[in-house]
Amino acid sequence: MNIHEVIENIDLLLQEVTLFSVIVRLGLSVLIGGILGTERGLRNRPAGFMTYVLVCMGSTLIMLTNQYIATINPDTDPTRFGAQVVSGIGFLGAGTIIVTRKDEIRGLTTASVLWVAAGLGLAVGVGFYTGAIVGCLFSVFALISLKKIDIYIKRHAKSMEIYLEYSAEFSMRTLSEFTEKQGYELFNMQRGNVKSLKKELGTLIFSLDLFKRTNHQEVLERLHSIEGVEYVREIA
């Protein structure tokens with residue numbers, strides 16, 4: 001028996017629902033889920049290592065069960081359980097999306113990666129190893145490398161969402177004159193207040209239309225130079 005025949009026999013063995021293939025598939029799903037979860041965990045995101053491992057492994061187990069049922073009962077739809085995973089994983093992803101008191105939306109990437117982890121788990125569960133491994137590599141590449149592109153685009157967009165804290169010295173008129181002088185359009189303003197350790201500050205959440213590509217950090221520095229502005233940041 002040559003090497004090609006050995007590989008073909010192993011491939012056939014892995015495609016069937018056997019103890020060996022079950023161990024290999026679940027082990028691979030733990031590895032893939034762990035890789036994605038580690039990246040999220042290092043960024044201190046709501047869903048970390050254990051969440052991704054369990055989602056990926058659970059999806060694999062569901063697909064294995066689906067394949068097993070289809071084996072003993074050929075009239076069963078082998079894609080039925082997988083379809084439920086794709087639609088049902090949304091509840092877990094939605095739970096990771098939060099809106100902070102500064103109107104920042106957090107968790108969209110985490111929710112997306114959870115959905116991808118479920119898809120990779122299904123791929124492993126059905127025995128599509130090549131797709132699962134390549135999909136995992138591309139997912140990690142997107143999370144690590146393409147994130148820089150995403151940040152660059154956001155920092156040079158023609159509009160900004162701003163959160164600003166101000167003291168009694170601050171004047172709305174000064175802000176209005178500043179934006180007019182810079183050629184920005186100010187809209188969607190929301191006012192509030194926040195208590196710090198020393199004093200109570202007013203808060204503003206507003207949008208700026210820059211009309212042309214501008215470095216957002218420079219805009220924030222200009223806003224911070226306004227009298228009475230204690231803190232300013234861009235809402236992600």
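Quick note: the coordinates plus some simple rules give every number you see, no bench work behind them. Worth saying up front: this structure is predicted, and the values here are computed from it rather than measured. We place every Cβ from the backbone using ideal geometry, glycine too, and count neighbours over all the protein chains shown.
If r is the Cβ-Cβ distance from S196 to R155 and R0 is 30 Å, what FRET efficiency results, to the nearest 0.05? Mind showing how you got there, number by number?
Numbers: r = 27 Å, r/R0 = 0.91.
Here the calculated transfer efficiency is 0.65.
Round to the nearest 0.05 the FRET efficiency obtained for S207 and F141 when R0 = 30 Å and r is the Cβ-Cβ distance.
The formula returns an efficiency of 0.35 here.
So what is the relative contact order for the range 132-202, in percent, with contacts set as C-alpha pairs under 8 Å and at least six apart?
Working: 20 pairs, mean separation 18.7, N = 71.
Relative contact order, the range 132-202: 26 percent.
Listed highest first by mean packing, meaning other Cβ atoms within 10 Å per residue, what order do 14-23, 31-40, 187-196 come in? Provide the component values of the computation, followed by the final result.
On the way: 14-23: 13.0, 31-40: 21.6, 187-196: 10.8.
Going by the mean number of other Cβ atoms within 10 Å, highest first, we get 31-40, 14-23, 187-196.
Can you give the convex hull volume of the alpha carbon atoms of the range 172-236 per residue, in Å³? Please list the in-between numbers first.
On the way: hull volume 6.6 nm³, N = 65.
Convex hull volume per residue, Cα atoms: 102 Å³.
What percent does the relative contact order of the range 100-229 come to when contacts are Cα pairs within less than 8 Å and at least six residues apart?
Working: 128 pairs, mean separation 35.1, N = 130.
For the range 100-229, the relative contact order is 27 percent.
Please identify every one of the GluC sites (Glu not before Pro) in the range 147-194 that sits in a loop by DSSP and has no more than 13 other beta carbons within 10 Å of its own beta carbon. Write down the numbers at each step before the final one.
Numbers: sites: E161, E165, E169, E177, E180, E185; in loops: E169.
Answer by residue number: E169.
Report the FRET efficiency, 1/(1 + (r/R0)^6), for R173 and L220, where r is their Cβ-Cβ distance and R0 is 25 Å, rounded to 0.05. Don't jump to the answer; show the numbers that get you there.
Values: r = 21 Å, r/R0 = 0.82.
So the FRET efficiency works out to roughly 0.75.
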